[in-house]
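Following: one structure in structure tokens, then a few remarks.
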Amino acid sequence: MYGIEFRNVSKRYGSSADAPLAVRNISFGVEKGSLTTILGPSGCGKTTTLRMIAGLESPTSGQIFIDGRDVTTLGPAQRNVSLVFQSYALFPHMNVIENVSYGLRMSGLAVDQARAKAAVMLETVGLRGLDARMPSELSGGQQQRVALARALALEPAVLLFDEPLSNLDARLRRSMREEIRSLQQRLSLTVAYVTHDQSEALAVSDQIIVMDQGVIAQSGTPHELYESPQSEFVAGFMGEAMLFDGVCQPDGQVSLGSLSIRPATPVQPGPVKIAVRPEAWVIGPVSNSGLAARVVKQTYVGSVMEYTLGSLLGDIFVVSPDVKQPLSRGAPVSLHLADHGVSVVAVRS
């Protein structure tokens, strides 16, 4: 039994039959006790999908199940789900313990019991001793933890996150995503998590669902999505890959300019798209065996060097770990491909 299941769900905004579909006939399941990320660019339908799980939007057609129960026509209060918002949505006039216990009190729990349970939740998310603080006295990361404690206090069957880390700086985002993942695994929570950030999705997920223009482009484990994309869109979207035109030969080899690739997954002979991530390029001295290129631009960003290299394939963005001996502008090089970070997908007619 799935924690969350969609069966042929569509969502159309507007009553007209020709109004555009925000979500088109999607089906998927989220295993109980697992974390599934719904990933995609702006306007792909991921937030609409999350809002339908929460009961904040009703599907135009199809069925939604939570813990095996059909909740398609039920409102948010009848679904036993909690939603952690991007903006945290804390009450500014209430202190921390009051914010966390609010939902419990509204559900009929006595004040003392609600505060006791809220205190346990605050300790669970690492906020012990901050009960009397006001939201304005907390950092962004602490406010996010308060919102998480408030959601957990209701003991939901499903916990939903809507771009939960987008308001935090880079370091806090890393630590908070680790905390969310650790908490999800420790408490065996069923979680649906929406983001547009590929690295965030890869870091926290058991399953990733990539959406494009209202449909599911591909779903699978982080490794499957990164290493074995099944379409040009997924190949280009995951990991900031650049797409190149190539040809698959009858012997299975794929030609990319002067380079030759053996795809990890066999591809039919004919035109293909080759997705190459920035870290997959290996920069070497000029040789006859590589792809000739020249440094157009170089940028030092601390842990790596970022290069734009001009070649017969056009400008190529490359990331190199060699920061001690940076290449100068105009330097000639040869490019080779590593055995990771390269994906080949057939061109669909």
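The values are calculated or read from the model by the stated rules, or taken from the named source; none is laboratory data. Quantities reported herein were computed from a predicted structural model and do not represent experimental measurements. Don't worry about glycine lacking a Cβ; one is built from the backbone with ideal geometry, like all the others, and counts go over all protein chains shown.
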Matching residues in the range 18-44 - criterion: being of a type in the set (Val, Ile, Thr) and more than 20 Å from residue 225 (Cα to Cα) | 23
Output the residue which, of all residues in the range 255-265 that are more than 27 Å from the chain's Cα centre (by Cα) and assigned to a loop (DSSP other than H, G, I, E, B), is nearest to residue 346 (Cα to Cα).
-> 262
Which one of these does residue 59 not meet: (1) more than 30 Å from residue 142 (Cα to Cα); (2) surrounded by fewer than 15 Cβ atoms within 10 Å (Cβ to Cβ); (3) more than 20 Å from the chain's Cα centre (by Cα)?
-> (2)
Tell me, which residue of the range 242-269 that is of a type in the set (D, E, K, R) and either farther than 16 Å from residue 227 by Cβ or in contact with a helix residue (DSSP H, G or I) (Cβ under 9 Å, 6 or more places away or on another chain) (or both) is surrounded by the most Cβ atoms within 10 Å (Cβ to Cβ)?
-> 245
How do the pairs read when you match residues in the range 315-343 that are free of Cβ contacts under 8 Å to residues at least 12 places away in the same chain with residues anywhere that are buried (at least 16 other Cβ atoms within 10 Å of the Cβ), using Cβ under 9 Å and keeping only pairs 6 or more apart or on different chains?
-> 339/280
Can you tell me which residue within the range 218-254, out of those that are part of a strand (DSSP E or B) and out of contact with any Pro (no Cβ under 9 Å at 6 or more places or on another chain), is farthest from residue 202 (Cα to Cα)?
-> 244
Filtering the range 186-217 down to residues that are farther than 26 Å from residue 233 by Cβ and in contact with a strand residue (DSSP E or B) (Cβ under 8 Å, 6 or more places away or on another chain), which residue is surrounded by the fewest Cβ atoms within 10 Å (Cβ to Cβ)?
-> 189
Of the conditions (1) of a type in the set (A, V, I, L, M); (2) touching a residue at least 40 places away in the same chain (Cβ under 8 Å); (3) closer than 26 Å to residue 219 by Cα, residue 243 fails just one. Which one is it?
-> (2)
Matching residues, the range 19-76, being touching a residue at least 40 places away in the same chain (Cβ under 8 Å), among the β-branched types (Val, Ile, Thr) and over 30 Å from residue 240 (Cα atoms) = 60, 64, 66
Verdict on residue 276 being surrounded by fewer than 12 Cβ atoms within 10 Å (Cβ to Cβ) and aliphatic (A, V, I, L, M) | no
Identify, please: which residue in the range 153-172 is surrounded by fewer than 23 Cβ atoms within 10 Å (Cβ to Cβ) and out of contact with any Gly (no Cβ under 9 Å at 6 or more places or on another chain) and is, among those, farthest from residue 42 (Cα to Cα)?
-> 155
With the first residue restricted to the range 117-145 and required to be in a loop (DSSP other than H, G, I, E, B), and the second required to be among the charged types (D, E, K, R) and modelled with pLDDT under 90, Cβ contacts under 8 Å at 6 or more apart or on different chains are 125/145; 125/179; 126/145; 126/179; 127/145
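Okay, residues lined up against (1) of a type in the set (Lys, Arg); (2) farther than 19 Å from residue 243 by Cα:
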position	(1), (2)
287	no, yes
290	no, no
295	no, yes
302	no, yes
308	no, no
312	no, no
317	no, no
324	yes, yes
